[in-house]
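The values are calculated or read from the model by the stated rules, or taken from the named source; none is laboratory data. The structure presented is a predicted model; accordingly, all values stated were derived computationally and were not measured. Cβ coordinates were reconstructed from backbone atoms using ideal geometry, including for glycine residues, and neighbour counts include every protein chain displayed.
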Amino acid sequence: MHKLTIAELIQGLRNKDFSSVELTRHYLDRINRLDASYNSYVTVTEEIALQQAAAADARLAAGDAPALCGVPIAHKDIFCTEGVRTSCGSKMLDNFVPPYNATIVENYLRDGAVMLGKVNMDEFAMGSSNETSYYGPVKNPWDTNCVPGGSSGGSAAAVAAHLAPGATASDTGGSIRQPASLCGLTGIKPTYGRVSRWGMIAFASSLDQAGVLTRTAEDAAIMLNSMTSFDDKDSTCVDEPLSDYTASLNEPLKGLRIGMPEQYFGEGLNPETSDRVHAAIAEFEKLGATVKSISLPHSALSVPAYYVIAPAECSANLSRFDGVRYGHRCDNPKDLEDLYKRSRGEGFGEEVKRRILVGTYALSAGYYDAYYRKAQQVRRLIKQDFVDAFAEVDVVMGPTATSPAFAFGSKGDDPVAMYLEDIYTIATNLAGLPGLSIPCGLVDNKPVGLQIIGNYFSEAKLLNVAHQFQQVTDFHQLTAPGIE
Amino acid sequence: MDRSDIAKLAHLARIEISDATVDDVARSITDVLKLVDQLQSADTQGIAPMAHPLDAVQRLRADQVTEADVREAYQAIAPATEDGLYLVPKVID
């Protein structure tokens, strides 16, 4: 059953080939037996999953089954789940049991999905390797000496190891697309504001966006249909009409105009990764697409702009963790300042502290114009590059990451080397555009991802383009070695 | 960034940085600031800062009470409360 896609599971449940309880037990059994090798789950919610599965079976029997009725999924541990610990990968929230559900969690409940558990992540979603989690690193199912990417590394490893058919995730600078690339999955980050951020623990509010990680583009379309909604409770959620992302999956690609940014194929890109990406784009030409070289001239400034804006916003967002209302509190504080400083000093890991300090510096008196304002101006230049590109092409294609999965510890303790891991994904977040990664081959027996970036609210087009590629290639069907 | 700069920032951010790690923190933050200094090369004369990708403005709603009272649920997960109040060390003698 764990070989089946979400689309196939939906059919199997409706045809009564298996029940949701059988399916859920099968996944729980796999998690219990196999996840020690990957560390993808932080919390397995066995009891809740079986209750939800039984309720789903009743609805299926009554012929009253919503879209995802009975399909098990995993939630990234950044989404608040009522009554279930939501750690965000941090010691700070190791004891945090939210009194409410995130909007997207409610949406999946409404559509009958079964929650298998909460999956691991870089602490507060700050990282590209899953090495910053308080709960230990997640291992890449393709090579357990290598990282799964981050920050949604638990979501990616769980789906790649067939410990969930799909998982929710979030992407602030590449945290869905880069793990999708490194684990051989389909991952989509929608347009900023398309999915509610309510109940998703905030990192950088003008960049954060929820999305999904699945094995196929069709599954991503199905999961995204349930995830998206307009939400009054998120003031940045955009009130645009909702689309059925499965409706246009089969449209032909004849005449599709593809742009290849010259800046995404320069120095720093692994030559074999480049070959796989070029080969994938050639496949689209066979499907009737045209390809042209384009320029995104401010690309090189995206990582520097991001590392002002994201830390600045994180330093403000994470000020709420003060040891007073919830989360970690130090023992025996001698006064209020000691309570704040030690609770935060003990509760946050190194990378989170580093970003809070950088953000505090960028926003401090006398530096605001030189850093934050300047970065916001550069952000507009980066957006304008894409606006100009989309006047000429329908989608932009290039690599998702510079190379396949790297070994644990190989970026050393140099934070900047890790930051440059997201060089091809960050501009999309700064511009607020939707982006997707699909597998397009292997290098050294490890997956490589093709990134497809679209114009605002073009999620349906991105999924259509990805689905058509998956109709004529089988990279998305490759399974990591050793997966039963 | 030297030790005293880090001490000042750590105080502003209300984060304790241990003596043993302060040199490493100073070094890594210096590296990050070198990276972001590349921004200075961009010509941004006359470019309006961008706060929201779609340049959205704040949505308004009617001034009505919409929230339920959930104090008990929220305080059930607090480190220390009494009579509906959050407890912290004494701040006024």
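Counting the residues of segment A:166-210 that are more than 14 Å from every other protein chain (Cβ to nearest Cβ) and among the basic types (Lys, Arg) gives 1. With respect to residue A:402, determine if the residue is more than 14 Å from chain B (Cβ to nearest Cβ), closer than 19 Å to residue A:206 by Cα and at pLDDT 95 or above. Taking the combined requirement at face value, the residue does not satisfy it. Taking the criterion of being surrounded by fewer than 19 Cβ atoms within 10 Å (Cβ to Cβ) and of a type in the set (Ser, Thr, Tyr), the only residue of segment A:80-127 that qualifies is A:100. Please work out if residue A:309 is in contact with a strand residue (DSSP E or B) (Cβ under 8 Å, 6 or more places away or on another chain) and touching a residue at least 60 places away in the same chain (Cβ under 8 Å). No, not satisfied.
Taking the conditions (1) charged (D, E, K, R); (2) out of contact with any strand residue (DSSP E or B) (no Cβ under 7 Å at 6 or more places or on another chain); (3) within 25 Å of residue A:2 (Cα to Cα); (4) buried (at least 16 other Cβ atoms within 10 Å of the Cβ) in turn, residue A:474 satisfies each one other than (4). With more than 20 Å from residue A:140 (Cβ to Cβ) and either under 20 Å from the mean Cα position of the chain (by Cα) or within 14 Å of chain B (Cβ to nearest Cβ) (or both) as the only criterion, which of A:388, A:422, A:414 stands out? From the options A:388, A:422, A:414, the qualifying one is A:414.
For segment A:360-416, residues that are part of a helix (DSSP H, G or I) and more than 30 Å from residue A:279 (Cα to Cα) total 19.
More than 7 Å from chain A (Cβ to nearest Cβ) and either surrounded by 11 or more Cβ atoms within 10 Å (Cβ to Cβ) or not in a loop (DSSP other than H, G, I, E, B) (or both): is that true of residue B:60 in this structure?
Numbers: more than 7 Å from chain A (Cβ to nearest Cβ): yes; either surrounded by 11 or more Cβ atoms within 10 Å (Cβ to Cβ) or not in a loop (DSSP other than H, G, I, E, B) (or both): no.
In short, no.
Report yes if some residue within segment A:34-41 is over 26 Å from residue A:143 (Cβ atoms) and touching a residue at least 24 places away in the same chain (Cβ under 8 Å); otherwise report no. Scanning segment A:34-41, I find no residue that is over 26 Å from residue A:143 (Cβ atoms) and touching a residue at least 24 places away in the same chain (Cβ under 8 Å), so the answer is no. Counting only residues that are over 24 Å from residue A:162 (Cβ atoms) and under 21 Å from the mean Cα position of the chain (by Cα), segment A:89-106 holds 6 of them.
Does residue B:49 satisfy the condition of being within 9 Å of another protein chain (Cβ to nearest Cβ), in contact with an Asp or Glu (Cβ under 6 Å, 6 or more places away or on another chain) and either surrounded by 11 or more Cβ atoms within 10 Å (Cβ to Cβ) or among the aromatic types (Phe, Trp, Tyr) (or both)?
Values: within 9 Å of another protein chain (Cβ to nearest Cβ): yes; in contact with an Asp or Glu (Cβ under 6 Å, 6 or more places away or on another chain): no; either surrounded by 11 or more Cβ atoms within 10 Å (Cβ to Cβ) or among the aromatic types (Phe, Trp, Tyr) (or both): yes.
Here the answer is no, as residue B:49 does not meet what is asked.
Annotation note: Cβ proximity below 8 Å between a residue of segment A:327-345 that is at the interface with chain B (Cβ under 7 Å from one of its Cβ atoms) and a residue that is among the acidic types (Asp, Glu) (sequence gap 6+ or interchain) occurs for A:339/A:322; A:340/A:322; A:341/B:16; A:342/B:16; A:344/A:322; A:344/B:16; A:345/B:16.
Residues being crowded, with 22+ Cβ neighbours inside 10 Å and either within 20 Å of residue A:88 (Cα to Cα) or more than 11 Å from every other protein chain (Cβ to nearest Cβ) (or both): count how many of those fall in segment A:295-326. Looking only at that region, the number is 11. Residue check: residue A:446 meets all listed conditions (1) modelled with pLDDT of 95 or more; (2) crowded, with 22+ Cβ neighbours inside 10 Å but one, namely (2). Residues in segment A:258-284 that are exposed (fewer than 15 other Cβ atoms within 10 Å of the Cβ) and touching a strand residue (DSSP E or B) at 6+ places or on another chain (Cβ under 6 Å): A:262 alone.
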